[in-house]
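The values are calculated or read from the model by the stated rules, or taken from the named source; none is laboratory data. Being a predicted model, the structure only gives us computed values, none of them experimental. For neighbour counting, all protein chains shown are included, and Cβ atoms are generated from backbone atoms with ideal geometry for every residue, glycine included.
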Amino acid sequence: MCEKTTVIINPTGLHARPASDFVKAAAKFKSQIKIYNMDSGASCNAKSVIMILTLGLANGARVKIEATGEDEQEAVESLIALIDSGIGE
C-alpha cells in the first residue's frame, strides 16, 4: 500500500470537470485507489466521479490518495501531481 496527502488548490474545489479528469487519470491504473477527505474523514473509490463529488472537496481541503496493487506507487505519485497542478484550472 502506498499513500500520500496534499491540499486541493482549485479555487472552486474538485467540482464536476476536474473530478472527471481525476477519475480518467485514476482509471489508467490497475491498482485499487481511494481518495480521502482528511477534514471530514470520508473516503471513496477514486475511480467514481459520483462518489468523489459526494466528498465535497473544496479549495483548501486536505486529501489523501491511497493505492494498493501492482502500480500503486506510480498511481499515487501521478494523482498527487495532478491535484497539485490544479487539474487544468
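Name the residue, out of ALA27, ALA42, ALA16, that is at pLDDT below 95, surrounded by fewer than 17 Cβ atoms within 10 Å (Cβ to Cβ) and of a type in the set (Gly, Ala, Ser).
None of the other options fit; the residue is ALA16.
Determine which member of the set ILE52, ILE65 is outside any strand (DSSP E or B), in contact with a Phe, Trp or Tyr (Cβ under 9 Å, 6 or more places away or on another chain) and surrounded by 15 or more Cβ atoms within 10 Å (Cβ to Cβ).
One residue alone meets the criteria, ILE52.
What is the one condition in (1) within 19 Å of SER85 (Cα to Cα); (2) in contact with a helix residue (DSSP H, G or I) (Cβ under 6 Å, 6 or more places away or on another chain) that PHE22 does not satisfy?
All conditions are met except number (2).
Can you find a residue in the range 73-84 that is in contact with a Phe, Trp or Tyr (Cβ under 7 Å, 6 or more places away or on another chain), touching a residue at least 24 places away in the same chain (Cβ under 8 Å), assigned to a strand (DSSP E or B) and surrounded by 13 or more Cβ atoms within 10 Å (Cβ to Cβ)?
No, because not a single residue in the range 73-84 is in contact with a Phe, Trp or Tyr (Cβ under 7 Å, 6 or more places away or on another chain), touching a residue at least 24 places away in the same chain (Cβ under 8 Å), assigned to a strand (DSSP E or B) and surrounded by 13 or more Cβ atoms within 10 Å (Cβ to Cβ).
One residue is enough: does the range 57-64 have a residue meeting the conditions of a type in the set (Lys, Arg), on the phi < 0 side of the Ramachandran plot and without any contact (Cβ under 8 Å) to a residue 24 or more places away in the chain?
Checked the range 57-64: no residue is of a type in the set (Lys, Arg), on the phi < 0 side of the Ramachandran plot and without any contact (Cβ under 8 Å) to a residue 24 or more places away in the chain.
Quick test of your reading of the structure: THR5 fulfils all but one of (1) at pLDDT 95 or above; (2) not in a strand (DSSP E or B). Name the failing condition by number.
THR5 satisfies all of (1) at pLDDT 95 or above; (2) not in a strand (DSSP E or B) except (2).
Pull out all pairs, ordered by first then second residue, where Cβ-Cβ is under 6 Å, the residues are six or more apart or on different chains, the first lies in the range 23-51 and is without any contact (Cβ under 8 Å) to a residue 24 or more places away in the chain, and the second is of a type in the set (Phe, Trp, Tyr).
Pairs found: SER43/TYR36.
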